[in-house]
């Protein structure tokens with residue numbers, strides 16, 4: 001069945017360093033890939049998304065890259081700050097099924 | 001500021017009791033999802049609806065869980081009878097999908113934290 005794998009499960013970085021989280025999806029028909037950030041005790045919220053017709057998208061310190069051939073997509077956070085500490089989830093979905101399959105999450109800790 | 005609203009926020013119940021969780025999706029959204037979040041399983045899809053019709057509930061234990069959308073403004077998730085292993089945070093999310101539209105962001109509610117003792 002459809003599956004999204006996410007790595008690493010935990011990540012600690014020094015403030016100012018970069019963080020990279022990677023996901024792999026199984027369904028080659030997937031065409032929409034959102035990333036959600038969940039702070040402790042709060043709801044997941046979208047931070048960036050990418051569609052399959054684009055290879056890279058950037059929004060200030062956050063970027064997402066997509067490799068359709070390898071079925072990989074990654075989240076890149078540059079110049080990390082303590083407020084970036086949270087759990088990050090990747091997801092994949094495709095038109096027609098409307099189902100969003102989430103990865104297992106990455107707990108990012110930014111050390112001051 | 002349109003939001004998905006879930007009630008109750010917290011629920012503590014005894015094993016064997018019925019639990020009903022409610023969700024009001026964002027007005028105009030046609031797709032509603034129910035997710036369960038535990039420490040071990042991340043965000044697990046239980047069921048989802050499009051235009052109030054159930055599309056997939058394969059993630060849900062059928063013997064005790066049921067999900068319905070009595071109307072476009074209300075989705076419910078029921079557990080009967082509840083068990084301690086059902087303790088988790090249950091999230092509802094809504095979005096706009098289908099037709100000529102590409103899939104877009106799913107907006108999450110605040111969640112219902114369920115504790116079954």
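Derivation of every value follows stated rules applied to the coordinates shown; laboratory data play no part. Remember, it's a predicted structure, so these values are computed and weren't measured experimentally. Virtual Cβ from ideal backbone geometry, glycine too; neighbours counted across all protein chains shown.
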Pick from B:36, B:64, B:22: which residue has the top mean-square fluctuation in a GNM of chain B where Cα pairs under 10 Å get a spring?
-> B:64
Quantify how strongly other chains surround peptide A:29-41 by giving the mean number of their Cβ atoms within 10 Å of each of its Cβ atoms.
-> 2
For segment B:31-117, the convex hull over Cα atoms projects on average to an area in nm² of 6.1
Beyond 19 Å, what share of the Cα-Cα pairs of segment B:1-76 is found? Please give it as a whole percent.
-> 40
Chain lengthening between residue A:61 and residue A:109 when straightened (0.36 nm per residue, less Cα-Cα) | 15.6 nm
Quick one: Debye curve from the alpha-carbon atoms of the protein assembly as shown only, equal weights, vacuum; give me log10 I(q)/I(0) at q = 0.08, 0.11, 0.14 Å⁻¹ to two decimals.
-> -0.29, -0.55, -0.89
Separation of alpha-carbon centers, segment B:10-44 and segment A:1-65, rounded to whole Å = 23
Please quote Rg/Rh for segment B:76-117 to two decimal places, taking the Kirkwood radius as Rh and restricting both calculations to Cα atoms.
-> 1.17
Before anything else, pin down the relative contact order of chain A: Cα pairs under 8 Å, at least 6 apart, normalised by residue count, whole percent.
-> 37
If you average 1/r over all unlike Cα pairs in segment A:38-112 and invert the result, what Kirkwood radius do you get in angstrom?
-> 13.7
